[in-house]
Every structure is written in structure tokens, then in C-alpha cells.
1. With the condition kept exactly as written, say whether any residue in the range 231-247 is closer than 25 Å to residue 82 by Cα, away from ligand 2 (no atom under 16 Å from the Cβ) and outside the structural domain of residue 111 (by TED's automatic domain parsing).
2. Among the residues of the range 30-52, how many are assigned to a loop (DSSP other than H, G, I, E, B) and near ligand 2 (Cβ under 10 Å from one of its atoms)?
3. Filter the range 163-185 down to the residues that are more than 16 Å from ligand 1 (Cβ to nearest atom) and not in a loop (DSSP other than H, G, I, E, B), then identify the one that is nearest to the chain's Cα centre (by Cα).
4. Six or more apart or on different chains, Cβ atoms under 6 Å: show the pairs whose first residue is in the range 156-174 and over 20 Å from residue 104 (Cβ atoms) and whose second is open to solvent by less than 10 Å² (accessible area, probe 1.4 Å) and within 16 Å of ligand 2 (Cβ to nearest atom).
5. With 17, 50 as the choices, which residue is surrounded by fewer than 13 Cβ atoms within 10 Å (Cβ to Cβ) and among the polar types (S, T, N, Q)?
6. Test residue 18 against the criterion of being closer than 16 Å to residue 158 by Cα, more than 16 Å from ligand 2 (Cβ to nearest atom) and among the acidic types (Asp, Glu), and give yes or no.
7. If a residue has to be within 21 Å of residue 109 (Cβ to Cβ), open to solvent by 70 Å² or more (accessible area, probe 1.4 Å) and within 16 Å of ligand 1 (Cβ to nearest atom) to count, how many in the range 53-69 make the cut?
8. Could you please give the count of residues in the range 186-227 that are within 16 Å of ligand 1 (Cβ to nearest atom) and open to solvent by less than 30 Å² (accessible area, probe 1.4 Å)?
Amino acid sequence: MLIIDNLSKTFGKGTINENLAIDNLSLFLEEGEFVTIIGGNGAGKSTLLNCISGVYEVDKGRIMLDDIDVTFKPEYKRSKFIGRVFQDPLRGTAHDMTIEENLSIAYDKGKPKGLKPGIGKKYHKLFRERLSLLELGLEDRMKQKVGLLSGGQRQALTLLMSTIVKPKVLLLDEHTAALDPSIAKKVLELTNEIVKEYNLCTIMITHNMKAALEHGTRTIMMLDGRIVLDLKGKERKDMTVERLVEQFGNKNGLYNDRMILG
Ligand SMILES: Nc1ncnc2c1ncn2[C@@H]1O[C@H](COP(=O)(O)OP(=O)(O)OP(=O)(O)O)[C@@H](O)[C@H]1O
Ligand SMILES: [Mg+2]
């Protein structure tokens, strides 16, 4: 579903600040594969997601999404196929529009002009159904502006919006890091449910090592723009946070203040 082939990205090429952020990185993901990514500050995690979604042009390599070569496609064209949720709950939704209007924009994404439904009765029902899955009571507040919601509620809504049309890949960049622990847990559970329901190819960056091992089907560790560990199957099942820190901790800069171990 997602092929990243020998990708490199350097910031500030030819300047004193030249910085190789992604170093010849390759990664192949099947449909339904759910990868968690860990790594210290500046390892290149966010840059990788930004390259996949077309925020940054890459210097070298190829990105294929479901047999489509998107390497040189602009961000707005790729956004039809890609669901994204960022750390900042304010980023994914329009605060002065209602919940229903936000969902309707997400639902229209990628549909040709003339087929955009607006908020018809049918969609109202669909949005209600989807919102009720969150168990946050938002289905009864559809005419309210999103700006009235809490960070956690907004993040749950963003997750729903980014998957209401099935994306080819879902990219999550520390999407629960800014939330209270209890709501973070809920958003994480919801993430699992949605990924399973749609069999989504998903990449989730987290600084919580326990969450990285517990969620998804595969865990990757990045360092200096490269993949230095790729855990799947039994090897992943047998891995503990303690062993991860012991083997890869200090020397990889993985263990830093932001890393949550337990
Ligand atoms: N727009 C940019 N311009 C210049 N340098 C950048 C830019 N974005 C990222 N970098 C640099 O690229 C490197 C990788 O950054 P990136 O944001 O991908 O790290 P990260 O793994 O997401 O770290 P964190 O855990 O702190 O979020 C860093 O050295 C960073 O300073
Ligand atoms: Mg980052």
C-alpha cells in the first residue's frame, strides 16, 4: 500500500546549517499494517511523515501509494489519499465552523465538483452515527462550533474526519501527546478501532514506548534519519520497554526527557 524507496531529505543544502534529516530510508507497508515509530528528538520522524504527505519535496527516492507514484505530486493532490492528525488539536479542524460543517468538508474531500453533497439528510445521519462511536456526546452537538470543544474532543473529531473517507494511509504525529492521560487513552483506543474497522495502513509516531509496543503490528525506531530497529511478530511480542531502553536507550538518544517509558 505504501512504498518508500531509498528516500533522502536534506534541509539547508549547501549552507552552514545543512542537515540530513532522512538518510536513504526504505519502508514497505501492506494494507492494514499499523506501524508505530519511536526515536529521539530530531530523529526525522515528523520529516518522514511530511515527505509522505508532500509538505517537503524529497531530494532522492520514490514514494508509491497503492501503485500511484506520488513522489512529485503536490501536497493538495496527495491529501485526497492521506489522513493526517497532528499533535496540536487546533490544527485539524476549523474552529468557527460547526461539527457538522467540519465533517461535511472532510467527507467532500477528493470528490469531484458537482458531487459534493453538502449537508443533506442522509449525511446528517451518517455523521451522527460516526460521532456516536466516539461516546463523547458530540452527536447531540452537531450544530455547535468546534471552537467550543475541548482538546481531546477536537482530536477525536479530527481522527474521525481524517478517516470518514477511507484514506490509503493514515499518518499520526504524536496525536495524543497534548491530551490528558485519560482522554489520550480514549483517543488511542478509538485509533485502534478505526484502523481495524477500515483495515488502514497506519503510521503513528509516539514518544510513549509502552504505547508503541502495545499498539499496532510493527514498531520502528529511527535515529539520524534512518531505521535502526524494525520489530514485528514474535520479536516484537517478546520485546519489553526495559529491554528496548537497555539495548537502544542512551546510545541512540532515544532516552530523553520527552520519552515516556511506562
Ligand atoms: N523545515 C525544516 N527546516 C530545517 N530543518 C528542519 C525542518 N524540519 C525539520 N528539520 C530538522 O530535521 C531534523 C529532523 O526533524 P524532525 O522534526 O523530523 O524530528 P522528529 O524525529 O520529529 O523529532 P521530535 O521527536 O522532536 O518531534 C531535525 O534536525 C530538525 O531540526
Ligand atoms: Mg516530530
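The values are calculated or read from the model by the stated rules, or taken from the named source; none is laboratory data. Values in this document were obtained by computation on a predicted structure and should not be read as measured data. Note: ideal-geometry Cβ built from the backbone for every residue, glycine included; neighbour counts use all protein chains shown. Calculation scope for accessible area: heavy atoms of the full protein, side chains included, ligands and nucleic acids excluded. Shrake-Rupley method; radii C 1.70, N 1.55, O 1.52, S 1.80 Å.
1. yes
2. Total meeting the criteria: 4.
3. Once the filter is applied, the top-ranked residue is 170.
4. Pairs found: 171/49; 171/203; 172/85; 172/204; 173/49; 173/205; 174/205.
5. Just one listed residue meets the conditions, 17.
6. When the stated conditions are applied, residue 18 does not pass them.
7. Within the range 53-69, residues that are within 21 Å of residue 109 (Cβ to Cβ), open to solvent by 70 Å² or more (accessible area, probe 1.4 Å) and within 16 Å of ligand 1 (Cβ to nearest atom) number 0.
8. Residues that pass the stated criteria total 12.
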